[in-house]
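Q: Starting off with a structure, shown below.
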Amino acid sequence: MRFAVLMRKQFVDNPWISYRWAPQEVLPDFGQFNHVAADAGKIVGQFLGRDDEGESWLFTGYELNLFPDEAEGYYLNLSAAQPCWFVMWRLEEDIERYIDAQSIELAKSESTIAVPHRICVSYNEAGRLLDGGESVDNIPLSLEHASWLQEFVNEHYRPEPKKRHRPESFKGANRGVED
């Protein structure tokens, strides 16, 4: 499935920083964003608008594939109080590589722009990304997306059987052979 990510540059009242980036929404891409994406699989960003609280940028070009060996991570996500999308993003200096021609001049007014590089729904994958030092934020998963993820989990997730460990006192003593 193809998706797009809405990023928000939120203005903040702080003496050290003037804004912060945060993903706002993961949207299904059924082709309605074709005017933005140039090549399949290429991340392309477009400026959407500005208001008193910040700016909105839409990034397209994200594929989400579900894998049976990642089913435990999907299960852990779904069993959380609020299942979510995980969005891995980076502040990029190579702005021209990621922004469409109509938005490039606005994007160049800053030295960096936040670009989402990966989306996932696996708790384990998000943990590995965080362990690798990446920026990962979460966005609530809609009921519709949670239901198709649940179908996948129902089909592919099999919890490992619990192994009972015998207490040391029942294993017997290690004694040498008597003469």
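Q: Among the residues of segment 58-105, which ones are in contact (Cβ under 8 Å) with a residue 12 or more places away in the chain and of a type in the set (Ser, Thr, Tyr)?
A: Within segment 58-105, 60, 62, 74, 75, 98, 103 meet the criteria.
Q: Residues being loosely packed, with under 14 Cβ neighbours inside 10 Å and small (Gly, Ala, Ser): count how many of those fall in segment 99-119.
A: Summing the residues that are loosely packed, with under 14 Cβ neighbours inside 10 Å and small (Gly, Ala, Ser) in segment 99-119 gives 3.
Q: Something else: Output the number of the condition that residue 114 fails; it satisfies all remaining conditions of (1) part of a strand (DSSP E or B); (2) within 24 Å of residue 78 (Cα to Cα).
A: (2)
Q: Take the residues in segment 48-70 that are small (Gly, Ala, Ser) and surrounded by fewer than 21 Cβ atoms within 10 Å (Cβ to Cβ); name whichever of them is farthest from residue 5 (Cα to Cα).
A: We begin by selecting, within segment 48-70, every residue small (Gly, Ala, Ser); these are 49, 54, 56, 61.
Then drop every residue that is not surrounded by fewer than 21 Cβ atoms within 10 Å (Cβ to Cβ), which leaves 49, 54, 56.
Working: 49: 15, 54: 16, 56: 10 Å.
Checking each candidate, the answer is 54.
Q: Of the residues that make up segment 120-128, is at least one closer than 23 Å to residue 59 by Cα and surrounded by fewer than 13 Cβ atoms within 10 Å (Cβ to Cβ)?
A: For segment 120-128, residues closer than 23 Å to residue 59 by Cα and surrounded by fewer than 13 Cβ atoms within 10 Å (Cβ to Cβ): absent.
Laboratory data are not the source of any read-out in this text; all were calculated from the coordinates shown. Because the structure is predicted, anything quoted here is derived from the model rather than measured. We place every Cβ from the backbone using ideal geometry, glycine too, and count neighbours over all the protein chains shown.
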